[in-house]
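Everything below concerns the one structure shown next.
The values are calculated or read from the model by the stated rules, or taken from the named source; none is laboratory data. These figures come from a predicted structure and were not determined experimentally. So basically every Cβ, Gly included, is an ideal-geometry build from the backbone, and we count neighbours across all protein chains shown.
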Ligand code: SOE
């Protein structure tokens, strides 16, 4: 066990994501003891003094601030971790990079491609380590899917299908904007399900199956007006409540994606399925330790879908946890991401997805929204292998 170097974290934002990241930092050293770097929870920042004080105490941060610029300016911080609503990702990331800090950013990278481009420029110019928390890549079953695809077991890929279904905004009386509901406010979020949910699906899809080169999409906003929590006025809703798109991947396969917050009964049903010439795989977030695999080359009398319980020590990340057969959860994806980031710092390597990788997802999101609003196919501008 080494653990002799520290990485001093300044976390901005103490909502849901602030908690998932903090939990990642707190537990990573216990379960990845061989890491050279150990995160130190130096400072957490949020505008509300009461919330940030309580958060700092609960999670064990050494101090708190109410102005993110102060965190960025502090010389006892090595890495700034952005867990705020999407509208502040750009200014915080650029200022942090300029101050020479490593930058970690919650997904999506930005509200728009233009913002994302400026963020990528800033981290490149400053030469600072950077990563975006597309956490689902780090669930063992999803990482195993990547290993299976890369091994060539599926053969030529024909289809990629993904859904991300929720139902939490069906109530027309739910307000938009402000704490907890900024995801429904277009100014804060940039878009609705496209940036919030499909961005996860696109990130995983391009990681597993390569570049998405063009898209044809439709979006719908079912509830057109909502009370805005901050202005107190009933205002138009600017986000997409649902989005469906199909696409071509550069490898010749076809993609079909659907996301909505109006699928009654589904809370966070993220699923994907890949169909290849020899074999198929599928995964479901509600049963996250399992990967299903069908191989046509199996002897016909026993051929069928295998349900692989991804909990064995030789499967991704699982040598760090309990004993074979015992599952892990959603929060572990963030612990794994913290571990992978610390490892990348130790090795001086990139931690994927970097800002540049996440910008490719941003390009697809932007093309999806443009396709829906113009009712036409759009090229994404993404090509080549994706990390
Ligand atoms: C939205 O409800 C949300 O919390 C997303 O913002 C997360 O990225 C997703 O993982 C779960 O759903």
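Among the residues of the range 267-279, just one is farther than 16 Å from residue 162 by Cβ and outside any loop (DSSP other than H, G, I, E, B), namely 279.
Inspect the range 123-137 for any residue being touching a strand residue (DSSP E or B) at 6+ places or on another chain (Cβ under 8 Å) and either part of a helix (DSSP H, G or I) or at pLDDT below 95 (or both) and give the result as yes or no. Yes, because at least one residue in the range 123-137 is touching a strand residue (DSSP E or B) at 6+ places or on another chain (Cβ under 8 Å) and either part of a helix (DSSP H, G or I) or at pLDDT below 95 (or both). Is at least one residue of the range 373-387 over 21 Å from residue 78 (Cβ atoms), part of a helix (DSSP H, G or I) and over 20 Å from the mean Cα position of the chain (by Cα)? Yes. The listed residues are 298, 314, and the only one of them that is free of Cβ contacts under 8 Å to residues at least 60 places away in the same chain and either within 16 Å of the ligand (Cβ to nearest atom) or within 28 Å of residue 352 (Cβ to Cβ) (or both) turns out to be 314.
When residue 113 is tested against (1) within 13 Å of the ligand (Cβ to nearest atom); (2) surrounded by fewer than 24 Cβ atoms within 10 Å (Cβ to Cβ), only condition (1) is not met. Given (1) outside any strand (DSSP E or B); (2) crowded, with 24+ Cβ neighbours inside 10 Å; (3) over 15 Å from the mean Cα position of the chain (by Cα), identify the lone condition not met by residue 120. Every listed condition holds for residue 120 apart from (2). Is at least one residue of the range 292-305 at pLDDT 95 or above and under 23 Å from the mean Cα position of the chain (by Cα)? Yes; the residues of the range 292-305 include at least one that is at pLDDT 95 or above and under 23 Å from the mean Cα position of the chain (by Cα).
Could you list, in sequence order, all residues of the range 347-372 that are part of a helix (DSSP H, G or I) and either in contact with a strand residue (DSSP E or B) (Cβ under 6 Å, 6 or more places away or on another chain) or surrounded by fewer than 17 Cβ atoms within 10 Å (Cβ to Cβ) (or both)? Outline the logic, then answer.
Of all residues in the range 347-372, those part of a helix (DSSP H, G or I) come to 347, 355-372.
Hits for the range 347-372 are 347, 355, 358, 364, 367, 368, 370, 371, 372.
Could you pull out the residue among 329, 276 that is within 16 Å of the ligand (Cβ to nearest atom) and touching a residue at least 12 places away in the same chain (Cβ under 8 Å)? Going through 329, 276 in turn, the sole match is 329. Listed by position, the helices (runs of 4 or more DSSP H) enclosed by the range 1-108 that each have at least 3 residues that are within 16 Å of the ligand (Cβ to nearest atom) and either without any contact (Cβ under 8 Å) to a residue 12 or more places away in the chain or not assigned by TED's automatic domain parsing to the domain that holds residue 358 (or both) are 16-31.
Only one of these is surrounded by fewer than 21 Cβ atoms within 10 Å (Cβ to Cβ), in contact (Cβ under 8 Å) with a residue 12 or more places away in the chain and touching a strand residue (DSSP E or B) at 6+ places or on another chain (Cβ under 8 Å): 164, 158. Name it.
On the way: 164 fails: surrounded by fewer than 21 Cβ atoms within 10 Å (Cβ to Cβ).
Just a single option satisfies the conditions, and that option is 158.
Once the range 129-151 is narrowed to residues that are under 30 Å from residue 94 (Cα atoms) and away from the ligand (no atom under 16 Å from the Cβ), the residue that is surrounded by the most Cβ atoms within 10 Å (Cβ to Cβ) is 130.
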